[in-house]
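Worksheet: one structure, shown below.
The values are calculated or read from the model by the stated rules, or taken from the named source; none is laboratory data. None of these values were measured; they are calculated from a predicted model. Cβ placement follows ideal geometry from the backbone for every residue including glycine, while neighbour counts extend to all protein chains displayed. For the accessible areas, the whole protein counts, side chains as well, though only heavy atoms, and no ligand, DNA or RNA atoms are used. Shrake-Rupley method; radii C 1.70, N 1.55, O 1.52, S 1.80 Å.
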Amino acid sequence: MRLTIIAGANGSGKTTFALSYAEFSGLEFINADEIAKELNPEAMDHEKFNAGKIFLRRIEELLNQKQDLILETTMSGKYLIKIIQKAKESGYFIDIFYLYLEDVIDNVARVQNRVYNGGHDIPKEDIIRRYYRSRKLFFEQYKAMADRWFLFFNADDEFEEVANFADGELTVLHEPYYNTFVGGLQ
């Protein structure tokens, strides 16, 4: 059984990556924004609370059924700790794919571009807060909970693998990007 977590701040390319990965792997993909869109595409912001409840309930159902799944998250909160702990106790293998951009301004610009093209908006303050919190929580807490993790720099939607951790060994594939990521933690 496998729990795959696609994480990163808003605008980092999580949904694009996750949809491709889900198609490739055949695993069920769960995303709170997609649930909100299904509930009310014209007023997603009004459905965030309900979508969040459905998102968590669906994860719980799949874990109880011992099903493989992919979930997407900004990883800017600690609710995933209990999910990962439950999954590990049930024998799940935990993969984390963390995507990032070089600067928070890039994340803000990508979200603005998404809105311009008809996608959903995220307040700028939320993007900025999540950018720093997400990176810090990934590096200081969540990566230690994973059986395997991958760090991807996604400046040009090319998902360049920077580092990974598997079988107890860290492999840095692009040292300048890795050092920039680690050095930018606050």
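Annotations
- Placed amide H near Arg2: partners under 5 Å, 5+ positions off or other chain: Asp68, Leu69, Phe93
- Assigned charges on the beta-carbon of Lys, Arg, Asp, Glu; the chain dipole about Cα centre (debye): 820 debye
- Average Cα contact separation per residue, the chain, under 8 Å, 6 or more apart, as relative contact order %: 27 percent
- Counting Lys and Arg as +1 and Asp and Glu as -1 over every other residue whose Cβ lies under 12 Å from the Cβ of Lys78, the net charge comes to +2.
- Near Ile54, once Lys and Arg are set to +1 and Asp and Glu to -1 for all other residues with Cβ below 15 Å from its Cβ, the sum equals -3.
- Projecting the Cα positions of Ile122, Leu151, Val172 onto the charge dipole of the stretch 119-175 (unit charges on Cβ atoms of Lys, Arg, Asp and Glu, taken about the Cα centre) puts Ile122 furthest along the positive direction.
- Accessible heavy-atom area order of Glu60, Glu47, Glu140, highest first, probe of 1.4 Å: Glu140, Glu60, Glu47
- Structure-based [θ]222 nm, the chain - -39500 (n - 2.57) summed over DSSP H runs of at least 4, per residue, nearest 500: -14000 deg cm²/dmol
- Cα convex hull volume per residue for the chain (Å³): 116 Å³
- Where the Cα pairs of the stretch 90-141 fall when distances are cut into 5 Å bins, in %: 4, 17, 22, 20, 15, 10, 6, 4, 1
- Estimated translational D of the stretch 5-102 in µm²/s (Stokes, Kirkwood radius over Cα pairs; 10 °C; 1.306 mPa s): 113 µm²/s
- Cα lying deepest toward the dipole's positive end in the chain, options Val162, Tyr142, Val182, charges on Cβ: Tyr142
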